[in-house]
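Enquirer: Please see the structure below; I have some questions.
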Amino acid sequence: MTSILTNASAMTALKNLNMTNDKLATTQARISTGLRVAEASDNSAYWSIATQMRSDNKALSTVQDALGMGAAKVDVAYTGMTSAIEVVDEIKSKLVAAREAGVDRSKIQDEIGELQTQLVSISSSSSFVGENWLSVDSAAAGFNATKSVVASFTRASDGSVSIGTISINTSSTILFDSAADAAGPAGVGVIDAFRDTTGAIIAGQNAPTATDFALSTMDISALTNSTADLTTLEQHISRADAALSEMTTAAGSLGAAKKSISMQNEFVSNLMDAMSRGVGQLVDADMNAESTRLQALQVQQQLGIQALSIANQSSSTILSLFR
């Protein structure tokens, strides 16, 4: 039946054209955003997972920044320690030279005094963002020799999150401790600690004996060639050698911590890349497929417009019946 009130062909053509326009709008949105799941309405499950993973990835980016700062702190302490090792090594050489009879020990002491001052300078300047692991005050409120570096952000299967850290014990890296006299054996540094005749740090820092000396304050200018003074000089050499050994061990620990942080930083970077790839698999649009789909839909749109135009013209043939 031909009707001037209801054009079924035009209605069908319009419906198909509207469907094509909707698909075309969706494809154009995917091409412009690069996402096939841009909103929760596109795919609520994938959108929820992607949103959570993006948030976790942002937290991992902060972890990476924390690892970078931790690496910088360790690097500053390691640089200071290696420089201090060179100075103590030089002091040891000066002491060995002073053991020779006939040398002017007062002049050697002048050189040692400069090296002792340099040790103080190296320790006090080895600071990063207000943290110094070589020169401390162990009696200060809140002091903790164990330093923590944020190293990971983990989400468990039940959705709970936790923060992992790398702990670094800086007890062995302390060269100067301003609280050494007040805090006793718990507050001594490698350089300013009193050592006995064998070079070992003595247990009671508050009451050193006449034969106990600290590397930072020892003075050989008054020593003579007497047997007792030469023995004292040899004890000073033992003290310097013991301090050098302790500093070398501390530098090794800092080097190991630096390597550990570097490896963790690399892992976090790779993990962030993997998570980004995972999010991409869920929500990114396949641009090759979308571009092909766009061209097909554009052709369908043009054909739909043509079909609607033909359907609309069919009713005009009714006029010929009344001529």
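The values are calculated or read from the model by the stated rules, or taken from the named source; none is laboratory data. Computed from a prediction, not measured in an experiment: that's the story for all the values here. FYI the Cβ positions are ideal-geometry reconstructions off the backbone, even for glycines, and counts take in every protein chain you see.
Enquirer: Tally up the residues in the range 93-110 that are part of a helix (DSSP H, G or I) and either without any contact (Cβ under 8 Å) to a residue 40 or more places away in the chain or not hydroxyl-bearing (S, T, Y) (or both), please.
Expert: Going residue by residue through the range 93-110, those that are part of a helix (DSSP H, G or I) are 93-98, 105-110.
From the residues that got through so far, the ones that are either without any contact (Cβ under 8 Å) to a residue 40 or more places away in the chain or not hydroxyl-bearing (S, T, Y) (or both) too are 93-98, 105, 107-110.
Adding up the residues that qualify gives 11.
Enquirer: If you don't mind, another one. Condition test on T79, is it surrounded by fewer than 21 Cβ atoms within 10 Å (Cβ to Cβ), in a helix (DSSP H, G or I) and within 27 Å of the chain's Cα centre (by Cα)? Give the steps one after another, and end with the answer.
Expert: On the way: surrounded by fewer than 21 Cβ atoms within 10 Å (Cβ to Cβ): yes; in a helix (DSSP H, G or I): yes; within 27 Å of the chain's Cα centre (by Cα): yes.
Yes.
Enquirer: Can you find, within the range 214-268, the residue that is surrounded by the most Cβ atoms within 10 Å (Cβ to Cβ) among those that are under 30 Å from A101 (Cα atoms) and among the charged types (D, E, K, R)?
Expert: Looking at residues that are under 30 Å from A101 (Cα atoms) and among the charged types (D, E, K, R), I get R239.
Enquirer: Now, a different point. Determine which single condition K15 fails, assuming it passes every other condition in (1) touching a helix residue (DSSP H, G or I) at 6+ places or on another chain (Cβ under 7 Å); (2) modelled with pLDDT of 90 or more.
Expert: Answer for K15: the failing condition is (1).
Enquirer: Quick check: anything in the range 279-298 exposed (fewer than 13 other Cβ atoms within 10 Å of the Cβ), not small (G, A, S) and not in a helix (DSSP H, G or I)?
Expert: Checked the range 279-298: at least one residue is exposed (fewer than 13 other Cβ atoms within 10 Å of the Cβ), not small (G, A, S) and not in a helix (DSSP H, G or I).
Enquirer: Now for a different question. Spot the failing condition for L17; the list is (1) over 29 Å from F153 (Cα atoms); (2) touching a residue at least 60 places away in the same chain (Cβ under 8 Å); (3) surrounded by fewer than 17 Cβ atoms within 10 Å (Cβ to Cβ), and only one is missed.
Expert: All conditions are met except number (3).
Enquirer: When you scan the range 127-144, how many residues do you find that are of a type in the set (S, T, Y) and closer than 18 Å to S83 by Cα?
Expert: The initial filter retains those residues of the range 127-144 that are of a type in the set (S, T, Y), namely 127, 135, 138.
Now narrow it down to the ones that are closer than 18 Å to S83 by Cα: 127, 135.
The number of residues fulfilling the criteria is 2.
Enquirer: Pull out all pairs, ordered by first then second residue, where Cβ-Cβ is under 7 Å, the residues are six or more apart or on different chains, the first lies in the range 68-90 and is among the aromatic types (F, W, Y), and the second is assigned to a helix (DSSP H, G or I).
Expert: Pairs that qualify, where the first residue is among the aromatic types (F, W, Y) and the partner is assigned to a helix (DSSP H, G or I), are Y78/A251; Y78/L254; Y78/G255; Y78/K258.
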